[in-house]
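Okay, so here's the structure we're looking at.
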Amino acid sequence: MAKPQSLALLILPALLLSLLPPPCSAKNILYRDETLYAAYSLTQNNNRLTMQPDCNLVLSNDGHNVWSSNTSYVARACHARLESDGRLVIISENDQTLIWETKGGAVNRDYVLVVDDHDAVIYGPKMWETDDIAVPKPAYDTTPNNILGTDGVLHSETSLTYADYQLIMQNDCNLVLYDKGVPVWHTNTAGIFKGCHLKMQSDGDLVVYRSDGNNRLWSSKTAQAGKNRYTLVLQPNRNLVIYGPGIWGTDTQRKNTDIEMVTVV
């Protein structure tokens, strides 16, 4: 029989781990209440957002640093966390001191920090979703292709993918989400025309267009006044979600007056 001291040594690490904030569940996205620990990164193609051991949060492109939180050696052993109000914060693990934060949203909702081909942007809150098809156990993919950003287009016979999930803009103009080849959701636009495309518009509306771009066959009905950044995400739980507008970004690709940064030291 194991000694009480031995059992305590086995149980203690598990208890300590249970007290830690949840780690990021996707390689390129930080979801609400998830944590990016020291020496870990979010990556998308050649873009990488890294929580460095020196407490500096750094965005690099092709190995060249293009943005940072300017918090090197302010503390040691820090982590970044996306709060429920949309703020990205850097916290010292030693004394839980707030080192740095961004501007947050107006309400506590679902937000995401997305690393795309150019920037790192916080979007939210959640505007639209296919909630009824979500699965309880999220999948994991080391090479996701699950983001359609602002003004992004999914052409006929191209797709977003995450693990066994595939969102494909079919040639028959039906937008279909598959799980291991089995359809679980679609726009019900099959056979109306051929050669359509899907667009994530800068007004927040997700639209299936005819190939000529003039006729709408389907939309998420989420259009907002003015233009901003929005993103469509195929999530690890199989849910398809639109987040927006952009409330903060590293802004290394383009300027946007609706996005600002607030630093606290």
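What follows draws every value from the coordinates through simple rules; no lab data is involved. Computed from a prediction, not measured in an experiment: that's the story for all the values here. In this analysis, Cβ positions are derived from the backbone assuming ideal geometry, glycine residues included, and neighbour counts consider all displayed protein chains.
Of note:
- In segment 126-243, Rg over Rh equals 0.95, where Rg is the alpha-carbon radius of gyration and Rh the Kirkwood radius from pairwise Cα distances.
- Pairs exceeding 27 Å between alpha-carbon atoms, taken from 180/227; 137/199; 103/126; 27/103; 27/180; 126/194: 180/227; 137/199; 126/194.
- Prolate/oblate/rounded label for segment 200-241 (Cα gyration tensor, a/c 1.5): oblate
- Peptide ranges 61-70, 225-234, 173-182 listed from the most packed, as the mean C-beta count within 10 angstrom indicates: 225-234, 173-182, 61-70
- Cα shape, segment 28-76, gyration tensor, a/c 1.5 rule: oblate
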